[in-house]
Amino acid sequence: MDSQFDNALDYHSQGRPGKIEVVPTKPTQTKRDLSLAYSPGVAEPCEEIFKNPQDAYKYTAKGNLVAVVSNGTAVLGLGNLGPLASKPVMEGKGVLFKIFADIDVFDIEVDANDPQKFIDVVKALEPTFGGINLEDIKAPESFLIEETLKREMKIPLMHDDQHGTAIISTAGLINALEVAGKKAAEVTVVVSGAGAAGISCVKMWIAIGVQKENIYMFDRDGQVSDDRQDLDQWKDEFKRPKKYANLAEALVNADVFLGLSVGNVMTQDMVRSMAANPIVFALANPNPEIPYEEAIAAREDVIMATGRSDYPNQVNNVLGFPFIFRGALDVRATAINEAMKLAAVKALAALAKEPVPDVVLLAYNQPDMSFGKNYIIPKPLDPRLITTVSPAVAKAAMESGVAQVEITDWEAYKSELRKRMGLDNRFLSNIANRAKQNPQRVVFGEADNPKVLKAAHVAREEGSCIPILLGFEDQIRSTIHELGLNLADCTIIDPSRSPELIDQYGKLYYEKRQRKGLTLHQAVKKMRQRTYFGAMMVELGQADAFISGQNSNYPDTIRPALEIIGKTDGVTKVAGMYIIMSKQGPLFFADTTVNIAPTSDELVDIVKLAYRMVTNLQIKPRIAMLSYSNFGSAKGTTPNNIRAALAKLNRENPEILVDGEMQANTALNSDLRQELFPFSKLGNENANVFIFPDLNSGNIAYKMVQSLGISEAIGPILLGFRKSVHVLQLGSSVREIVNVVNLAVVDAQSKKGLF
C-alpha cells in the first residue's frame, strides 16, 4: 500500500507537476507567426465571430473543448474533499478525454457548494466551451444542477457520475439478460444505493424495458418505501410499498442486483438466494458490494460485473463519455439527450458481440474473449469504440433534432475518427474492399493454429477470401467448434490423410526438380509438408494464394514456393517488403526479408518489384534508395552500388520516380531536401517507398519501428513470384494475418489480370 501511495504521488509530481498541459496548434516561431496568433492578426477572426457566432467553431478551439467542472463535494469514494483536492481527478478526466477521443479539456474547480452559485458559474462559461462534463457533485444537488443547466444552456452537457455509469451498466444489463435467458420486462431488480448514479441507472434500465414496479431500491436507511418521510423528490419517484425489512429479504428469488453503495453489504448467502442465472452488478469502488471471488464461488451460474479493471465485465465510464462527447461535438449538438444516451447503450451492447480484435487480447493478456457471461461489456482499450459509439451518438443527435451540423457520409466520418486517433486505415480499408470485390481461394498452411483459424474466420466473414484449411482435420474441427468460428463448411485438407494427392503432387514436383538432384521418393516425401503441399495447390490452380509461416522459419516457408511456383518472368531474385502504417500514410520498406547484400543489378530488380506492387496497391510510388551518403557525400561500396543501380534505372525505366543515394532523414524531409538538394527528383513530396542497401538495415529498420509502437508493420509481402505466396512473421497476430490475407488476395487478382 505504501508503495502504491508513493508511486501515485511520484507519478503526479515528477517532471512537470500534474497530468496536462496546453500546446499551441499553430506555428509560433517567427515574428509573423506571433502577429497572426495575437495582435494585430487576431482581430480578424474576432470581427467574423461577432458577425456570425457560429464562426467560433471555425476560428477557435471551442468545437473541440470540453470543461470538466466540479465543486469537489463527492470526490470518487472519498467524500467532500472540496474543489482544490478534486483537481487531480479533474485533470485525470481530461487525460481520458484526450487519449480516447482527442477532445481537449480545461478542468474547472468551482468553490461553490450552493447549487445556484455553481449553476451561475457554469452558465457563464458557455461561450468558452463546446461541452460541459459535470463531475463529482453530491446528490441530490447534482440532480438540480444538471436539470437546470441542461434547460438553460445550448451546448452538450452531462453529469458523468450519473449518466456515464447508467449508460455502461445498461449496455451490460442488455447483454447479461441475453446470456441469462431473461427478459427485461419480467425481471425483479434490487438496488443498493439511491444516489445520483443509482437513480440514473434505474431510469435508464426502465427505458430498456425493466418494469418500475419490479424495482426495489435501498439506501442507508432501508427500503425506499412510501412510509418514509425523509425522501427527496428524486428518491420519491421510486418509492414502493414497504415489503422488505432488509436487503437480504429483498434478494430472495431476485433476478438482478445493482450495487452503487458501499463494499461488502452483500453476502454469499444472498447470492445463493437469488433466482437462477442471477445478475450481480456490484459497482462500488474500490471494494464492491461483494468481492468477485466470493460471488462466483457462491454460484456457478452468476453473471458478475464490477467497477474494477482486474475482473471481467468492468463497468467503466471511460467506455462512454469520451465517445459520447465526440459524437455530440462533431454535430454541434445543443444537448446530450436520452436518445443519444440510448444510442450509446445499444452501440456498446452490440460491440460486445463482435469478435474481439487481437490488439485487445494482447492489451489484457487474454488468449481469447468472446460474448458470454465473462464478456458482456467491451474493454476500454478497444480501438473500435470511437468508430462505434461516436457515430451512433451523432446520428441520434441528428434524428432527435439537437444537431446543428449534419453528417452525410458515415464511412468518411469513421475514417476521420480513425485518422484523428492515429488509427487511420483508409489504405487497409481500400485493400479490404478490393479483396471483397473478387474474393480468391486462399490456402492457410497452418490451419490448426487458433490465430490462423480466427483470421480465416474474419476474412471469410468480411467476404475477402474463400478459405482452404490445411492441417490435422480433427484438431481443426475441434478448434473451430471451441472458438465458435464460422468455418465448419470450409474445405479442410489433411495431407496426412490424402495419399493420392501426395502421390500426384510428388510426381509433378519431381518433374520440376529431377535435374536438381531430387529423387521421386524424396519429392513425394516433401509433399507431406504443408508448405510444399500448399504451394503445389496454387501452382496447379486449385487455389489462388498461399499463406504460411505462423509456426515456421522464413526460409523453410519461402523455399517450397521458389522451387514449385518460381519467379515472374524476367525476375532474377524475389524480395520482401513491409508496409509501415504511419500518420503520413503507408510507407513501403524493401528489401527487408530476402536479399542479404544485393548487387547493383539486384537493387534494380528490387526497385522494379516494389514499384509494381505499390502501383498495384493504387499508390503512386516515390522511391528513395537509402544509404549513409547523400548524393555523393561519402564513398564506399554501398553508395557506389546505389549510384550504378540508379543510372541503370534512369536509362531503362524513366517512368519510375526514384532518386538516391540519400539518408533516411533526407528522404522524409522535403524542406531539408529542397534547401540542400534542390535537384532531387522527389521535389517537394517525401518518399513513400524506401529501398534499403542490405538486409541488415532493412530488417533492423522495420523491426525497430514495429517494436517501438511508432507504427503498425504489415507483411512481409513477397515480391517477384508468378503467383500469390506470402509468408507470415512468426507469431503474427490475428489482425496481422488478416491484413496479409487481404494483400494476398489483391496480389492474386492482379496476377490473374482482374485489376
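The values are calculated or read from the model by the stated rules, or taken from the named source; none is laboratory data. Computed from a predicted structure; not experimentally measured. Cβ coordinates were reconstructed from backbone atoms using ideal geometry, including for glycine residues, and neighbour counts include every protein chain displayed.
Quick look at the numbers
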item	result
Number of positions in the stretch 224-256 that are over 43 Å from the mean Cα position of the chain (by Cα) and closer than 25 Å to A275 by Cβ	9
Qualifying residue in the stretch 735-745 (condition: surrounded by fewer than 22 Cβ atoms within 10 Å (Cβ to Cβ) and either of a type in the set (S, T, Y) or farther than 26 Å from N449 by Cα (or both))	no
Residue count, the stretch 663-721 (criterion: surrounded by 21 or more Cβ atoms within 10 Å (Cβ to Cβ) and of a type in the set (S, T, Y))	2
Unmet criterion (only one of (1) modelled with pLDDT of 90 or more; (2) of a type in the set (G, A, S); (3) not assigned by TED's automatic domain parsing to the domain that holds V121) for S70	(3)
Residue match in the stretch 669-683 (condition: touching a residue at least 12 places away in the same chain (Cβ under 8 Å) and within 32 Å of the chain's Cα centre (by Cα))	yes
The stretch 300-359, subset assigned by TED's automatic domain parsing to the domain that holds P383 and of a type in the set (D, E), residue surrounded by the most Cβ atoms within 10 Å (Cβ to Cβ)	D330
Any hit, the stretch 359-380, residues being farther than 23 Å from I303 by Cβ and not in a helix (DSSP H, G or I)	no
Options V280, V271: the member that is farther than 15 Å from M204 by Cβ, in a strand (DSSP E or B) and at pLDDT 95 or above	V280
Odd one out for L657 among (1) surrounded by fewer than 23 Cβ atoms within 10 Å (Cβ to Cβ); (2) at pLDDT below 95; (3) not polar (S, T, N, Q)	(2)
Number of the condition not met by L65 [criteria: (1) modelled with pLDDT of 90 or more; (2) over 20 Å from V318 (Cβ atoms)]	(2)
Qualifying residue in the stretch 658-671 (condition: within 17 Å of D601 (Cβ to Cβ) and not aliphatic (A, V, I, L, M))	yes
Only listed residue being closer than 25 Å to V190 by Cα and not small (G, A, S), chosen from I103, I167, I119, I99	I167
Positions within the stretch 390-413 being at pLDDT below 90 and either of a type in the set (D, E, K, R) or in the same structural domain as L470 (by TED's automatic domain parsing) (or both), in sequence order	E411
Filter result (surrounded by fewer than 16 Cβ atoms within 10 Å (Cβ to Cβ) and either assigned to a helix (DSSP H, G or I) or not assigned by TED's automatic domain parsing to the domain that holds L65 (or both)) within the stretch 101-119	Q116, K117
Single residue of K583, K648 found to be of a type in the set (K, R) and over 27 Å from S707 (Cβ atoms)	K648
Residues that are within 20 Å of A197 (Cβ to Cβ), hydrophobic (A, V, I, L, M, F, W, C) and assigned to a helix (DSSP H, G or I), drawn from the stretch 209-250	W234, L247, A250
Residue in the stretch 19-36 that is under 25 Å from A124 (Cβ atoms), part of a loop (DSSP other than H, G, I, E, B), touching a residue at least 40 places away in the same chain (Cβ under 8 Å) and not small (G, A, S) present	yes
The stretch 282-298, subset in contact (Cβ under 8 Å) with a residue 60 or more places away in the chain and among the aliphatic types (A, V, I, L, M), residue surrounded by the fewest Cβ atoms within 10 Å (Cβ to Cβ)	A284
Tally of residues being surrounded by 11 or more Cβ atoms within 10 Å (Cβ to Cβ) and not charged (D, E, K, R) across the stretch 20-44	10
Test result for N595, farther than 30 Å from N742 by Cβ and surrounded by fewer than 24 Cβ atoms within 10 Å (Cβ to Cβ)	no
Residue check for G164: part of a helix (DSSP H, G or I), buried (at least 24 other Cβ atoms within 10 Å of the Cβ) and touching a residue at least 24 places away in the same chain (Cβ under 8 Å)	yes
Matching residues in the stretch 746-755 - criterion: being touching a helix residue (DSSP H, G or I) at 6+ places or on another chain (Cβ under 8 Å) and either among the charged types (D, E, K, R) or surrounded by fewer than 18 Cβ atoms within 10 Å (Cβ to Cβ) (or both)	D747, S750, F755
Some residue of the stretch 670-684 being within 19 Å of M577 (Cα to Cα) and in contact with a strand residue (DSSP E or B) (Cβ under 7 Å, 6 or more places away or on another chain)	no
Residue match in the stretch 520-534 (condition: in contact with a Phe, Trp or Tyr (Cβ under 6 Å, 6 or more places away or on another chain), surrounded by fewer than 17 Cβ atoms within 10 Å (Cβ to Cβ) and over 24 Å from F444 (Cα atoms))	yes
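Per-residue answers, yes or no, for (1) within 27 Å of K117 (Cβ to Cβ); (2) of a type in the set (A, V, I, L, M, F, W, C):
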residue: A43; (1), (2): no, yes
residue: E47; (1), (2): no, no
residue: K62; (1), (2): yes, no
residue: S70; (1), (2): yes, no
residue: T73; (1), (2): yes, no
residue: L76; (1), (2): yes, yes
residue: V89; (1), (2): yes, yes
residue: I99; (1), (2): no, yes
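Here is a yes/no grid of residues against (1) more than 32 Å from the chain's Cα centre (by Cα); (2) part of a helix (DSSP H, G or I); (3) loosely packed, with under 13 Cβ neighbours inside 10 Å:
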residue: F50; (1), (2), (3): yes, yes, yes
residue: I99; (1), (2), (3): no, yes, yes
residue: V121; (1), (2), (3): yes, yes, no
residue: I132; (1), (2), (3): no, no, no
residue: A139; (1), (2), (3): yes, no, no
residue: R151; (1), (2), (3): yes, yes, yes
